[in-house]
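Here is the structure we will look at, set down as structure tokens.
The values are calculated or read from the model by the stated rules, or taken from the named source; none is laboratory data. What you see is a predicted model, and the numbers here were worked out from it, not measured in a lab. Ideal geometry is used to build each Cβ from the backbone, glycine not excepted, and the neighbour counts take in all protein chains shown. We work out accessible area using only protein heavy atoms, side chains counted, and drop any ligands, DNA or RNA first. Shrake-Rupley method; radii C 1.70, N 1.55, O 1.52, S 1.80 Å.
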Amino acid sequence: AQKVTQAQTEISVVEKEDVTLDCVYETRDTTYYLFWYKQPPSGELVFLIRRNSFDEQNEISGRYSWNFQKSTSSFNFTITASQVVDSAVYFCALRPDNYGQNFVFGPGTRLSVLP
Amino acid sequence: DGGITQSPKYLFRKEGQNVTLSCEQNLNHDAMYWYRQDPGQGLRLIYYSQIVNDFQKGDIAEGYSVSREKKESFPLTVTSAQKNPTAFYLCASSIGDKFFREQYFGPGTRLTVT
């Protein structure tokens, strides 16, 4: 079965706090791709990162960082020094190699950053 | 500016009417997709198209139809057979399946059927 779990439905933090969004996935494929998207109130999904299953290096992009651990099937996303503009719904998605065109999206985590 | 446009942003229809949602992209992407998003849920794939004049059903295709006559355009028709059509509809495109590339999304159309 292909599945993505984002156990945190909603998170609220105060500006400048660090926050980690959890993503746990399930797939039997050995080759797969993981993604994070941001959906601000406007509704459009914004691509943040793609990671393939053979690359377990963590990545940092400005205030954003991602921790990919195959051993625990997790691909967590951390925002450092959060800002009000980070308020959005964040989706984790899985694209298994042998799953046709489908992306499997998690249910999303709504992040509210309070001033 | 390259991107994906969806129109209209809000759409209201009476039950029993078919309605067509527009999706246009100028990214020169081969693949296009339609997703449905319900409150508090992730995205579910309705239809996708890898190439002009070809499209495939996704997980929830019943009650929907699509066409792909031009590379840039992938309209979605919500038919009266769709039992619960009120939702947020997102169109996306990507370079091509074999590259497993990320998908780029349009701003969405919020459809309300009463």
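Restricting segment A:21-57 to residues that are open to solvent by 60 Å² or more (accessible area, probe 1.4 Å) and more than 21 Å from A:Pro96 (Cα to Cα), the residue that is farthest from the other protein chains (Cβ to nearest Cβ) is A:Pro41. Highlighted here are the strands (runs of 3 or more DSSP E) found entirely within segment A:63-115 that include at least 1 residues which are among the small types (Gly, Ala, Ser), in contact with a Phe, Trp or Tyr (Cβ under 8 Å, 6 or more places away or on another chain) and touching a residue at least 40 places away in the same chain (Cβ under 8 Å): A:74-79, A:88-96. Taking segment A:78-108 as the range and being modelled with pLDDT of 95 or more and more than 10 Å from every other protein chain (Cβ to nearest Cβ) as the test, the residues that pass are A:Thr78, A:Ile79, A:Thr80, A:Ala81, A:Ser82, A:Gln83, A:Val84, A:Val85, A:Asp86, A:Ser87, A:Ala88, A:Tyr90.
Report the residue count in segment B:20-47 for those that are outside any strand (DSSP E or B), away from chain A (no Cβ under 14 Å) and either among the hydroxyl-bearing types (Ser, Thr, Tyr) or surrounded by 12 or more Cβ atoms within 10 Å (Cβ to Cβ) (or both). Don't jump to the end; show me each part of the working.
We begin by selecting, within segment B:20-47, every residue outside any strand (DSSP E or B); these are B:26-30, B:38-42.
Next, from what is left, pick out any that are away from chain A (no Cβ under 14 Å): B:26, B:28.
Filter again for either among the hydroxyl-bearing types (Ser, Thr, Tyr) or surrounded by 12 or more Cβ atoms within 10 Å (Cβ to Cβ) (or both), leaving B:26.
Residues that pass the stated criteria total 1.
How about segment B:50-114: which strands (runs of 3 or more DSSP E) wholly inside it have at least 2 residues that are touching a residue at least 60 places away in the same chain (Cβ under 8 Å) and at negative phi? Steps first, answer last, please.
Values: elements: B:54-57, B:64-66, B:76-78, B:87-94, B:109-113.
Strands (runs of 3 or more DSSP E) meeting the threshold: B:87-94, B:109-113.
Of the residues making up segment A:5-42, those that are out of contact with any Ser or Thr (no Cβ under 9 Å at 6 or more places or on another chain) and either within 21 Å of A:Ser61 (Cβ to Cβ) or in a loop (DSSP other than H, G, I, E, B) (or both) number 7. I want to confirm something. Restricting to segment B:72-97 and keeping residues that are more than 12 Å from the chain's Cα centre (by Cα) and within 11 Å of chain A (Cβ to nearest Cβ), which single residue is surrounded by the fewest Cβ atoms within 10 Å (Cβ to Cβ)? In this case the residue turns out to be B:Gly96. Condition check for B:Lys14 on (1) out of contact with any Leu (no Cβ under 8 Å at 6 or more places or on another chain); (2) at the interface with chain A (Cβ under 10 Å from one of its Cβ atoms): one failure, at (2).
Does A:Lys70 qualify as being open to solvent by 10 Å² or more (accessible area, probe 1.4 Å), out of contact with any Cys (no Cβ under 6 Å at 6 or more places or on another chain) and under 21 Å from B:Leu90 (Cβ atoms)? Taking the combined requirement at face value, the residue does not satisfy it.
Just one of the listed residues (B:Glu24, B:Glu62) is out of contact with any strand residue (DSSP E or B) (no Cβ under 9 Å at 6 or more places or on another chain) and of a type in the set (Asp, Glu), namely B:Glu62.
Identify, please: which residue in segment B:1-14 is over 14 Å from the mean Cα position of the chain (by Cα) and exposed (fewer than 14 other Cβ atoms within 10 Å of the Cβ) and is, among those, nearest to B:Gly108 (Cα to Cα)? Per the criteria, the residue is B:Tyr10. B:Gln17 meets all of the listed conditions (1) of a type outside the set (Lys, Arg); (2) part of a strand (DSSP E or B); (3) open to solvent by 20 Å² or more (accessible area, probe 1.4 Å) but one, namely (2).
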